[in-house]
Amino acid sequence: MEDIEIYLSRLSSEKLLYEEVSKKMGVPGISDSFTLAGAIADKGGSASYRIYISDEDTENCTIDDIKAVFTEAAEENSDMTVEFIVDEFLNLIDDKTRITAESKPRTLVHRDGELHPTVHIWMIKRRDMGVFVLLQKRAHEKDINPDCYDVSAAGHVTQGEEFRHTALKEVREELGLKIDRSQLEFIGLKKACYTKDDIVDNELVAVYICRENINIEDLTLQSSEVSEVCWAEIDELLSVMKYEDIPNCISLDELDMIKKAVF
């Protein structure tokens, strides 16, 4: 049986959605629900369809029509299987490290190891003793690096979004902290790859710092992402990471980027 994966973005036009279906089914000329129904009938029960739909809270009548056609076809043909899967869609990065218009379900991006955009935000403060960074401890339920100390806040850039807007959103969601765009200082891009079992999280990371002397007790942590936070002086943190067994997924390159930006 032929397995076919189709990606339907709620941000796409009718033309682009039917082009996606046409390409993935290998049937040229699908342009509406009538030609789609005909193409499915011609394939008969020889295909299994996994149809991914992006998770935006946005109405898209074309996607509703496509779902209806596949649902009706599956009801009429017991040998044909159709599964609808709602997922976050991510834009992909090209070979010149630019965000492209091409998007794909996050689950499949991680399965296939494709380069995609993310953000890291470091909350920092200066004291006479040095530069302190706010660390989060990743929640126990996380798929990658659970219970490890990590960057203050981080997240994937959802399709159609940009780095800085995502950074503001992640700080608000993970730490319960509202900051302004002007408070984010971009200090560079870097590539990072995290793997576990069948997950290959291949990222292009935009790194930001925010020079805020925040009070930990005032934060509202997102329990599904963060279990706790603490301040750490950078040089002491580097020493602990080098000589002690502290569970972490902290990038030494990023700590060096922070030191260069601050001093």
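Observations on the model:
- Qualifying residue in segment 39-47 (condition: among the hydroxyl-bearing types (Ser, Thr, Tyr), touching a residue at least 40 places away in the same chain (Cβ under 8 Å), within 13 Å of Ile4 (Cβ to Cβ) and outside any helix (DSSP H, G or I)): yes
- Any hit, segment 176-186, residues being of a type in the set (Asp, Glu), closer than 15 Å to Val151 by Cβ and modelled with pLDDT under 95: no
- Those residues of segment 182-198 which are of a type in the set (Phe, Trp, Tyr) and without any contact (Cβ under 8 Å) to a residue 24 or more places away in the chain, in sequence order: Phe186
- Residue count, segment 148-177 (criterion: of a type outside the set (Phe, Trp, Tyr), under 15 Å from Tyr194 (Cβ atoms) and in contact with a Lys or Arg (Cβ under 8 Å, 6 or more places away or on another chain)): 4
- Among the residues of segment 236-251, those that are farther than 17 Å from Gly130 by Cα and modelled with pLDDT of 90 or more comprise Pro247, Asn248, Cys249, Ile250, Ser251.
- Taken together, Asp256, Asp201 contain a single residue that is open to solvent by less than 80 Å² (accessible area, probe 1.4 Å) and under 29 Å from Asp57 (Cβ atoms), which is Asp201.
- Restricting attention to segment 126-144, the residues that are assigned to a loop (DSSP other than H, G, I, E, B), open to solvent by 50 Å² or more (accessible area, probe 1.4 Å) and either in contact (Cβ under 8 Å) with a residue 40 or more places away in the chain or touching a helix residue (DSSP H, G or I) at 6+ places or on another chain (Cβ under 8 Å) (or both) add up to 4.
- Answer residue from segment 211-263, given it is among the β-branched types (Val, Ile, Thr), part of a helix (DSSP H, G or I) and in contact (Cβ under 8 Å) with a residue 12 or more places away in the chain and is nearest to His140 (Cα to Cα) among those: Ile216
- Residue list for segment 212-231, filter: closer than 21 Å to Ile144 by Cβ, among the hydrophobic types (A, V, I, L, M, F, W, C) and crowded, with 16+ Cβ neighbours inside 10 Å: Leu221, Val226, Val229
- Scanning segment 173-198 for residues that are of a type in the set (Asp, Glu) and open to solvent by 50 Å² or more (accessible area, probe 1.4 Å) yields Glu173, Asp180, Glu185, Asp197, Asp198.
- Unique match (being surrounded by 15 or more Cβ atoms within 10 Å (Cβ to Cβ) and under 30 Å from Ala232 (Cα atoms)) among Met123, Met80: Met123
The values are calculated or read from the model by the stated rules, or taken from the named source; none is laboratory data. Since the structure is predicted, the reported quantities are computational estimates derived from the model, not experimental observations. Glycine gets a Cβ as well: all are built from the backbone with ideal geometry, and neighbour counts include every protein chain shown. Just so you know, the surface numbers come from the protein's heavy atoms only, side chains and all, with ligands and any DNA or RNA stripped out. Shrake-Rupley method; radii C 1.70, N 1.55, O 1.52, S 1.80 Å.
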